[in-house]
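Input: a single structure, listed below in structure tokens.
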Amino acid sequence: MKEELSQLIQQSLDSLVAQGHLPQDIQPQVQIDRTRDKSHGDMASNIALTLAKAAKKPPRDLAQLICEALPKADLITRTEIAGPGFINFFLSQQSNQAVIRRILEEREAFGKNNVGRGRKVQVEFVSANPTGPLHVGHGRGAAVGDSLCRLLAATGWDVSSEFYYNDAGAQIQNLALSVQARCRGLQPDDDAWPEDGYRGDYITELAECYQRRDRIDAEDRHVTGAGDPDDLESIRQFAVAYLRREQDLDLKAFGVHFDIYFLESSLYQSGAVEATVQSLIDNGHTYEREGALWLRTTDFGDDKDRVMRKSDGGYTYFLPDVAYHLNKWQRGFVRVINEQGADHHSTVTRVRAGLQALQQDIPEGWPDYVLHQMVTVMREGEEVKLSKRAGSYVTLRDLIDEVGRDATRYFLVARAASSQLTFDIDLALSQSNDNPVYYIQYAHARVCSLMRKLEQQGWTWDAQGALEHLGELGEEHETALLRRLDRFPEVVANAATNSEPHTVATYLRELAGDFHTWYNAHKMLVEEQPLRDARLALSDAVRQVLANGLALLGVSAPEAM
RNA sequence: GGGGGUAUAGCUCAGCUGGAUAGAGCACCGGCCUUCUAAGCCGACGGUCGCAGGUUCGAAUCCUGCUACUCCCGCCA
């Protein structure tokens, strides 16, 4: 609809140029906005304001000329010049109603587009090391990352979701030592307890399972406990598998799936890390100092150079990060989005710098990052500290068990990633019925209920027939709903390109609000069939868009509540 | 000291990439169930968009400088 309007304005401008009212060399950027206030019509353009200077005419006069030169079109009932020189367009009811037709024809596909054109995109998220259960911060990453995947798939991208983790580093060693200590009957406060060992209860359970020789089946690995407390390597293998399986269960309970689990250790085994070092040396971006090998990341915008190889010969985490992202590039992802906690923001410049230093023609801003700010958890008015070592923290599973999957997902995805999030458990629990997610789901269930009621009354309804009667709609709540529905494809498109899934949540809240208002103002199941059919068509369209939107957030759309 | 993020109603947050009179939800106050789901609706209250400049027809939005809070700044990941 915007397109059509924009073309009409363009034609008008062309004829004004031809008539000499406008100079030849103008470069109009025709912009059409939805109006916020319905007294301003349906759409508005600021074109006269932006061209006024070049045209050497007052904006309102220019707007008048543009309106007069506008070709006749069915979709416009009238235009109005307002304020400093806006042109307001009042669209015909028919053009407003067209959206219902479109939704009922496209169904699940309404809102989708093909801007991705089948190109490959990867979203890496969560990427928690297997040293403990997932906590709320990981939950935010999971909710945002998974929703991003859904948005990208809906906009025509070939999406791959990936979980990256280190299965062999110092922290894993620490984990193995902690389990070993438990196997030997040690307590965290004993003198012999490993320094910085993990203290959580799950370490005890892990040790018991290992000694019982349990078999562990995680998504990406299968291990049977050896039972021998002296075999640290076996303990390590077992512990990693055990915690990976725990995380699998967390993710499954959250409705999040990964296509690929990528191991940091594989980068060493394949020689990718070595090759990356060599390539960086060959390209002349490194130097040695104090026995360590440095990469001159300052050449690429970093504020100081970074060590790649320590003086003891080991690599810093930075190097496998670069090797990993080179690997992603080689896998053909034109777009990569890394969803991480904002505490990792300093790696952004570093990884990009490392990739530039490889001189493989990787674009400068590649990859993309979505960094979410901290999640703090409040319980009984106090902040719950997230300390893995102390073992007392709120896990994602706790949250799902207490608050429910849908509410947890909604809470964690409904805010802009850049804003800090306070997850108040008591609030989420005590007011679980006032939760915004239920408000949206309730609207969906209400429509489903209407359809059931319709049958009980012995009436029937079909979309095709109902479309004949759309002319019955036109009252102000209905117009507001139609306008809101019409926006959905734009919301999806913007959310996907800007990596902002929270805007979908905001939209759904507004749509549900419009629906509840309308529902309360009118009876849907009226005697007159044309009006009834028309209202049910609108209801069904709302239901469909709510379902489509909730699916993008990974939240269910219940038929009854 | 350097960098990331944030600052909008009592509280939690939106604000469609610069538009017209800044919006929701909680909380508080007053109404609406013999009628399709009251997990709902209607109304009232509530604002110096952190502060100060700048850019222009027009700024919560862009630029500069401050202030506050928060996170990072290791040859840890």
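Lys/Arg Cβ at +1, Asp/Glu Cβ at -1, dipole of chain A taken about the Cα centre: which of A:Pro558, A:Ser311, A:Ala82 is farthest positive-ward?
It is A:Ala82.
Rounded to the nearest 5, what % of the DSSP beta bridges within chain A are antiparallel ones?
Taking every DSSP beta bridge with both residues in chain A, the antiparallel ones total about 55 percent.
Taking 60 Å as R0, compute the FRET efficiency from the Cβ-Cβ separation of A:Arg331 and A:Glu527 and round it to 0.05. Write down the numbers at each step before the final one.
Numbers: r = 62 Å, r/R0 = 1.03.
Efficiency computed from Cβ-Cβ geometry: 0.45.
Could you point to the residue in A:Ser45, A:Tyr369, A:Gln359 farthest towards the positive end of chain A's charge dipole, with +1 and -1 charges on the Cβ of Lys/Arg and Asp/Glu respectively?
Farthest along the dipole direction, towards plus: A:Ser45.
Apply 1/(1 + (r/R0)^6) to the Cβ-Cβ distance of A:Ala82 and A:Gln29, taking R0 = 22 Å, and write down the FRET efficiency to the nearest 0.05.
0.65
Helix A:2-18 against the longest principal axis of chain A: what's the angle in degrees, Cα atoms only, rounded to the nearest 10?
Compared with the principal axis, the helix lies near 60 degrees.
On a full-extension model of 0.36 nm per residue, what is the gain between A:Glu364 and A:Glu510, subtracting their alpha-carbon distance, rounded to one decimal in nm? Don't jump to the answer; show the numbers that get you there.
Working: separation 146, 0.36 × 146 = 52.56 nm, distance 3.83 nm.
This chain segment gains 48.7 nm when fully extended.
Please list A:359-371, A:52-64 highest first by mean number of surrounding beta-carbon atoms within 10 Å per residue.
On the way: A:359-371: 14.4, A:52-64: 17.4.
Result, highest mean first: A:52-64, A:359-371.
Counting each pair of different Cα atoms once, what's the Kirkwood radius of segment A:1-49 in Å, rounded to one decimal? Spell out each step's value before the answer.
Details: mean 1/r = 0.0848 Å⁻¹.
Final number for the Kirkwood radius of segment A:1-49 is 11.8 Å.
Compute the acute angle (0 to 90°) between the alpha-carbon long axis of helix A:529-553 and the principal axis of greatest extent of the alpha-carbon atoms of chain A; round to the nearest 10°.
Rounded to the nearest ten degrees, it is 30.
Can you give the calculated 222 nm mean residue ellipticity of chain A, where each DSSP H run of n ≥ 4 adds -39,500 (n - 2.57) and the sum is split over every residue, rounded to the nearest 500 deg cm²/dmol? Display every interim value, and only then the final one.
Details: 20 runs with 275 residues, N = 561.
Taking each H run of at least 4 residues, the total per residue is -15500 deg cm²/dmol.
Assigning unit charges at the beta carbon (Lys, Arg +1; Asp, Glu -1) and nothing else, what dipole magnitude in debye, to the nearest 20, does segment A:1-90 show about its Cα centre? Intermediate values should be presented prior to the final figure.
On the way: 10 positive and 11 negative charges, 55 e Å.
The calculated dipole for segment A:1-90 is roughly 260 debye.
What pairs from A:Lys120/A:Lys252; A:Lys2/A:Lys112; A:Lys38/A:Lys523; A:Lys252/A:Lys453 go past 28 Å between their alpha carbons? Write down the numbers at each step before the final one.
On the way: A:Lys120/A:Lys252 25 Å; A:Lys2/A:Lys112 17 Å; A:Lys38/A:Lys523 24 Å; A:Lys252/A:Lys453 35 Å.
In this structure, A:Lys252/A:Lys453 lie more than 28 Å apart at Cα.
Translational diffusion coefficient, Stokes-Einstein: compute it for segment A:136-210 using the Kirkwood radius over C-alpha pairs as Rh, at 10 °C and 1.306 mPa s, and state it as an integer in µm² s⁻¹. Mind showing how you got there, number by number?
Numbers: Rh = 15.2 Å.
It diffuses with D of about 105 µm²/s by this estimate.
Please find the FRET efficiency linking A:Ala226 to A:Arg405, where r is the Cβ-Cβ separation and R0 is fixed at 30 Å, and quote it to the nearest 0.05. Mind showing how you got there, number by number?
Values: r = 36 Å, r/R0 = 1.19.
Taking R0 as 30 Å, the efficiency between A:Ala226 and A:Arg405 is 0.25.
Just to be sure I understand the model, the point goes 7 Å from the Cα along the line to the Cβ. What's the resulting A:Leu249 to A:Ile281 distance in nm?
About 4.7 nm separates the two model spin labels.
Mind checking the full-extension length gain between A:Ser556 and A:Asp189? Use 0.36 nm per residue of separation minus the Cα-Cα distance, one decimal, nm. Intermediate results must be reported in sequence, preceding the final value.
Values: separation 367, 0.36 × 367 = 132.12 nm, distance 4.51 nm.
Gain on stretching A:Ser556 to A:Asp189: 127.6 nm.
Suppose every Lys and Arg Cβ carries +1 and every Asp and Glu Cβ carries -1, with no other charges. What dipole size does chain A come out with about its Cα centre, to the nearest 20 debye?
1140
Could you name the aspartates and glutamates whose alpha carbon sits less than 13 Å from that of A:Lys72, not counting residues in the same chain fewer than 8 places away?
A:Glu4
Using a simple spin-label model with points 7 Å from Cα along the Cα→Cβ vector, what separation in nm is obtained for A:Asp158 and A:Met374?
4.2
At a 10 angstrom cut-off on C-beta neighbours, averaged per residue, how do the peptides A:129-139, A:294-304 rank from highest to lowest? Before the final figure, lay out each step's value.
Details: A:129-139: 22.8, A:294-304: 15.7.
Highest-to-lowest ranking by the protection proxy: A:129-139, A:294-304.
Between helix A:318-330 and chain A, what is the angle of the helix's C-alpha long axis to the longest principal axis, kept within 0 to 90° and rounded to the nearest 10?
50
Taking the dipole about the Cα centre of chain A, with the C-beta of Lys and Arg at +1 and of Asp and Glu at -1, give me whichever of A:Gln456, A:Ile172, A:Thr422 is farthest to the positive side.
Working it through, the farthest residue towards the positive pole turns out to be A:Gln456.
According to the Cα gyration tensor, what semi-axes, each the square root of 5 times an eigenvalue, does the equivalent ellipsoid of segment A:1-140 have, listed from largest to smallest in whole Å? Before the final figure, lay out each step's value.
Values: eigenvalues 359, 87, 51 Å².
So the equivalent ellipsoid measures 42, 21, 16 Å along its semi-axes.
Using only alpha-carbon positions, what ratio does the radius of gyration of chain A give when scaled by 2.2 N^0.38 Å? Numbers along the way, then the final one.
Working: Rg = 29.2 Å, N = 561, 2.2 N^0.38 = 24.4 Å.
Chain A yields a ratio of 1.20.
For A:Arg102, put the label point 7 Å out on the Cα→Cβ axis and report which residues of segment A:68-94 keep their amide N under 19 Å from it.
So the set is A:73-77, A:89-94.
According to a simple spin-label model (label point 7 Å from Cα along Cα-to-Cβ), what is the distance in nm between A:Arg117 and A:Ala292?
4.5
Which aspartates and glutamates have a Cα less than 16 Å from the Cα of A:Lys57, not counting those fewer than 8 places away in the same chain?
A:Lys57 reaches A:Asp25, A:Glu68.
Express in nm, to one decimal, how much length is gained between A:Ile260 and A:Lys72 on full extension, taking 0.36 nm for each residue of separation and deducting their alpha carbon distance.
On the way: separation 188, 0.36 × 188 = 67.68 nm, distance 5.51 nm.
Between A:Ile260 and A:Lys72, full extension yields 62.2 nm more.
Bear in mind these aren't lab numbers, they're just calculated from the coordinates by the rules spelled out. Note that the structure is predicted; figures quoted are calculated from it, not measured. All Cβ positions, glycine included, derive from the backbone under ideal geometry; neighbour counts span all protein chains shown.
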